[in-house]
Amino acid sequence: MKKLLRFVLPILLASHISLAQSTFQTEIETPKKPWTHLEFNDHQPDFNFIVVGDRNGGNRPGIFEDAVQKINLLNPEFVICVGDLIRGNTENPVQLNRERREFDSLVNQLQFPFFYVVGNHDISNDFMRQDWEEKYGKRYYHFTYKNVLFLVLDSTDDEVAGLSPKQVAYAQKALKDNPDVRWTFVLFHHPIWKWEGNRFVEVESALADRKYTVLAGHEHTYNYTLRNERDYINLATTGGGSAMRGSAFGEFDHVMSISMRDGQPTYANLAMKGIFEKDLYSIKSDSLSAAVAKNSLMENYLLCKPGETFEEGTLSLYFDNPSPSAVQIDLEFLHHNHLQISETSKKITLAPNTRGKAVFEISSNSGLQYAQLEKLSWRWKVQTLASGLKQELALEGIKSIPVKPSTTDLIFPQSTEFLQTETVGFKIPDPEMQVWYQLDPNTPKQKYTKPFTISQTSELRYGIENEKKQISQTFSKTFRKVAYMPAVSVNTPEPGLEYRYYEGDWKAMPDFNQNTPLDSGVFDNGFNLSDTKKRENQFGFVMEGYLKVPEDRFFFIQTKAEDSSKLYLHGQLVGDADQPDSKGQAQFGVALRKGYHPIRIEYLDIAEEERFRMYQKLKWEDSWEFMEFEDWLFIKSNPKTIQN
């Protein structure tokens, strides 16, 4: 009998594995595979699988480990992720191997297959990308399981559009080759359907005539969207960095359980503390939580009696409720050694779609200068009074502000360049406040009553004052009148920019003219910095060519750089993203005649990822549109290497 069992059991196990592998089909033939094994929990015609969220981007130890053990209790047929599995951002092979081994040791504790999806932390540089392919095989792939298609994509494949043209073509072919599946799941790391100018719309077009679901991560905040009448789900975290304000704010640790039943999926978010439905955070709850979150910022203005010391002031707090339900705000001031406050606590209830305020009179007889006073602090709690909620939607905390006249920017428009004339105004928070302004430091102050027009470059100074003659600090903003830059003649232009490549030990943008380039060439279809750099950090590019303008146009350009950049037109610096407060971004208005305009871009990478993008729009209120090389950036035919 024992001999018979030893003979029969291997046959039964082999039959089970053979059946599972016949259900599972893939095109991958490489020795390395982006999954752990193929011993599926295959016991019924329909099936259930688990999706895990971001583990990294600020890993909180113990969460993912706990999730692995709980997934084993759920008994799914397999597990898949949405990327960001390790900390990454390294070229140290010892460190990278340690991080990969650590993660693999966790998923190897699963009793079911685990499918890898790549995130930006998993392949944050070329070295890590190559290492991924050596360890796990392909970065994007597809498979079918029980006649359901799983299309796994790499949203880090293109620094601008998320998906490279090659990957888009792969996805389109995979969909074409699998027209009759019961359902399609598309998984990648970044929620690229939210991005401007991305190529995922081409994949969506290929998905249009089928039933599908899209799953992503990256933002560490859960969000459910019904788009194209399909489910688009942004998972929160499974141990990744999070403020953890709760499921009402989409910030919680969870895994998603998806069951294919009767040809369509059902979803359940399994949090560490419970089970939530698919639409736990949707457009409806978004409007309620947005009102709570907005008012937690405690918009405030402190106007003070003029003088070197603080004697008296008025603190005004403003609240907005754009939601369809009432919002309640509770305020309680903490004790202050030198200030007397007219009311130490207050409760405000805001009706739907209303604005309210709370005013507090503050005084002191200490004779202390502003710098000698400790901050003024109060406890606050903001909550929605909506009925029928599955959980409390509230935030609370402590707000502290310095005791001195407020500084704020009330002026509009945000843009500072104009062509002929510009209409300027102020967004006054309270009709009981007055704004004064000067068009020139040498002119008298004027009381603001309505928007006014300027026609010359002007340095505008302004401030706030109330009926008690208490004041804010004085602000200034320069509006610059621009003139059309003439176009130049370019023979046989071709899309692209010539570049020179540099390396150095820099903390800020160097004078590249004082440095020797190590390489030169042409970017002909995008800012391919990652593919061209010779080392991971501390390098720069100078890119030159021509900006093509289809018609006489005054418009706005935005540059985004990691870490900094400068943009010149006709030798004039127009976009400076190398300032301490620029955060790698510059926005500016230019007036250009129809034709070609000499452009020079200086780019510097100091640490971590490298990226440069350009956007444009005609009106400030419009959305930014990505500037494609073939439409905007050109070089002369048969270019020669640029000389310093």
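All of the numbers you see were taken from the coordinates with simple rules; none came from a lab. Just so it is clear, the model here is predicted, and its values are computed rather than measured. Note: ideal-geometry Cβ built from the backbone for every residue, glycine included; neighbour counts use all protein chains shown.
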Alpha-carbon Rg with Dmax, taken over the stretch 163-208, Å: 10.8, 31
Two-site FRET efficiency, ALA483 against GLU202, from Cβ-Cβ distance with R₀ of 41 Å, rounded to 0.05: 0.50
Residue among ILE464, PRO550, THR478 farthest towards the positive dipole end of the chain, charges placed on Cβ: ILE464
q = 0.22 Å⁻¹: log10 I(q)/I(0) that the Debye formula gives for the stretch 182-264, counting C-alpha atoms only: -1.10
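Provide the packing ranking of 616-624, 150-158, 226-234, i.e. peptides ordered by the mean count of other C-beta atoms within 10 Å per residue, highest first.
Details: 616-624: 12.7, 150-158: 24.6, 226-234: 15.7.
My ranking of the peptides, most packed first, is 150-158, 226-234, 616-624.
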Neighbour cut-off at most 15 other Cβ (10 Å), DSSP loop, GluC sites (Glu not before Pro), the stretch 485-570: GLU551
Label-point separation, PHE452 to LYS70 (7 Å along Cα→Cβ), nm: 6.1
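Give the calculated FRET efficiency between LYS346 and GLN473 to the nearest 0.05, with a Förster radius of 25 Å applied to their Cβ-Cβ distance. Write out the running numbers ahead of the final one.
Values: r = 26 Å, r/R0 = 1.04.
Step by step, r from the Cβ atoms, then E = 0.45.
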Over the stretch 493-636: Kirkwood hydrodynamic radius from C-alpha pairwise inverse distances, Å: 15.4
Under 12 Å, Cβ to Cβ, from ILE50 - net charge with Lys/Arg +1 and Asp/Glu -1: 0
Segment SER623-GLN572, length gained on full extension (0.36 nm per residue, minus Cα span): 15.8 nm
Distance from the stretch 379-450 to the stretch 452-479 (C-alpha centre basis), Å: 13
Among PHE49, GLY526, THR238 - extreme Cα towards positive end, dipole of the chain, charges at beta-carbon: PHE49
Helical segments meeting 30 Å axial Cα length and Kyte-Doolittle 0.5 threshold in the chain (DSSP H): 2-23
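Quick one: work out Rg over Rh on the C-alpha atoms of the stretch 289-401, Rh as Kirkwood radius. Don't skip to the answer; put the middle values down first.
Details: Rg = 15.8 Å, Rh = 15.1 Å.
Computed over Cα atoms, the ratio is 1.05.
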Label-reachable residues, the stretch 443-483, where backbone N falls under 19 Å from a point 7 Å from GLN369's Cα toward its Cβ: 473-474
For TYR437, TYR603, order by how many other beta-carbon atoms lie within 10 Å, fewest first: TYR437, TYR603
Net +/- balance of residues flanking GLY250 in space, Cβ distance below 9 Å, scoring K and R +1, D and E -1: -2
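Return a whole-number percent for the relative contact order of the stretch 289-401, with Cα pairs under 8 Å and 6 or more residues apart as the contact set.
Working: 239 pairs, mean separation 35.5, N = 113.
Relative contact order, the stretch 289-401: 31 percent.
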Positive-end residue of PRO598, PRO580, PRO517, charge dipole of the stretch 512-611 with Cβ unit charges: PRO598
Those aspartates and glutamates that a straight Cα-Cα span of less than 12 Å connects to LYS346, excepting residues fewer than 8 apart in one chain: ASP330, GLU332
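Throw me the Rg/Rh for the chain, computed over C-alpha atoms with Kirkwood Rh, two decimals. Intermediate values should be presented prior to the final figure.
Values: Rg = 29.6 Å, Rh = 28.9 Å.
Reported Rg/Rh, Kirkwood definition of Rh: 1.02.
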Cα centroid separation - the stretch 569-601 against the stretch 221-245, whole Å: 36
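Give the shape of the stretch 29-281 as rounded, prolate or oblate, defined through the alpha-carbon gyration tensor: a ≥ b ≥ c are the square roots of its eigenvalues, a/c under 1.5 means rounded, and otherwise the shape is prolate if a/b is larger than b/c and oblate if not.
Working: a/c = 1.22, a/b = 1.06, b/c = 1.15.
Rounded shape, in that the Cα axes give a/c under 1.5.
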Average silhouette area of the stretch 407-471, convex hull of alpha-carbon atoms, in square nanometres: 4.7
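Distance cut-off 30 Å, Cα to Cα: go down the list LYS534/LYS594; LYS534/LYS619; LYS194/LYS357; LYS305/LYS445; LYS534/LYS583; LYS481/LYS566 and report the pairs above it.
Exceeds cut-off: LYS534/LYS594; LYS534/LYS619; LYS194/LYS357.
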